Structure formats: C-alpha cells, structure tokens
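Report on the following structure.
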Amino acid sequence: MKLHLSRAAGTHAFSAYGAGYVAVNGVRYERSLLVLPDRVVADWGPEAFDALAAEHLAALVGLAPEVVLLGTGASLRFPRAEIVRPLVEGRIGLEVMDVQAACRTFNFLAAEGRKVAAALVLA
C-alpha cells in the first residue's frame, strides 16, 4: 500500500509497505530497521521476531524517544517482559503492533512533532 502524508522537510516518513518490506521516503527496506523522524538505522534489530532480545530495545534508550512502536511483522506478537524491561526502566512508552499499523502510527505521531521511534521486525 502506498501512503501519502504531508511532512516537514528533513523528517522521515513511511511512504509504502507490503509483504516483507517498508519504504521510507521512497527507499525500500526488506530487513529489520529503526526509524526516527530525523534518522533511519537500517542495520538495527533482529532478523526475526523470535530473535528479538533486550539488547535490541536497550539500544533505543539512548535515543530518548517518548514512545517506541514495535512492529512485530505481519501479525501482532507480544515480546516477553524481560525483553521490554530496558524501555520500562528508561521510562519510555511502548506500543506493540503489526508492521503496517506501526508505519501508519509513526507517520501520524511524527507529523505532530512527537519524539517517536518505529522499531520494525519485518520477518
């Protein structure tokens, strides 16, 4: 699906998504990635949801987002409590959803100027 959204210059937004991929500002990604309004980290994260570990989410604490949108692939899957503990201890909000919902929510929150991070596990 192609997304259309007005966005501020210099910010990142999801422009499309589909089975096994997302596009940020027209650039296609087929591996897990982290997207913030001001940067894309293409080498973030696990190869699959089952490989998600606390270290992956701990890496986000230093970026100081208000909320992390954890996209768990094509379907909603909740990580174990010990995996999300770094975010809880860092007082960072967490919303777990499928990748498509995370893309839409990120665009909305980023357009409002919120400090949001989308951590997407595509497989």
If you scan the stretch 63-93, which residues turn out to be under 21 Å from V24 (Cβ atoms) and not polar (S, T, N, Q)?
L63, A64, P65, E66, V67, V68, L69, L70, G71, G73, A74
Quick check, is L109 under 13 Å from P37 (Cα atoms) and in a helix (DSSP H, G or I)?
yes
I'd like the full set of residues that are farther than 15 Å from L36 by Cβ and either surrounded by fewer than 18 Cβ atoms within 10 Å (Cβ to Cβ) or more than 14 Å from the chain's Cα centre (by Cα) (or both), limited to the stretch 50-71.
D50, A51, A53, A54, E55, A58
In a loop (DSSP other than H, G, I, E, B) and under 20 Å from F106 (Cα atoms): is that true of L87 in this structure?
no
If you go through the stretch 77-108, how many residues are open to solvent by 30 Å² or more (accessible area, probe 1.4 Å), among the hydrophobic types (A, V, I, L, M, F, W, C) and within 20 Å of T11 (Cβ to Cβ)?
1
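Let me confirm something: among A74, A119, which residue is outside any helix (DSSP H, G or I), open to solvent by 20 Å² or more (accessible area, probe 1.4 Å) and hydrophobic (A, V, I, L, M, F, W, C)?
Numbers: A119 fails: open to solvent by 20 Å² or more (accessible area, probe 1.4 Å).
After applying the criteria, what remains is A74.
Considering each of V35, V40 in turn, give the residue that is under 13 Å from the mean Cα position of the chain (by Cα), touching a residue at least 24 places away in the same chain (Cβ under 8 Å), in a strand (DSSP E or B) and buried (at least 21 other Cβ atoms within 10 Å of the Cβ).
Checking each option against the conditions leaves just V35.
The values are calculated or read from the model by the stated rules, or taken from the named source; none is laboratory data. Note that this is a predicted model, so its numbers are computed, not measured. Methodologically, a virtual Cβ is constructed for each residue, glycine included, from the backbone with ideal geometry; neighbour enumeration extends over all protein chains shown. Only protein heavy atoms, including side chains, enter the accessible area calculation; ligands, DNA and RNA are left aside. Shrake-Rupley method; radii C 1.70, N 1.55, O 1.52, S 1.80 Å.
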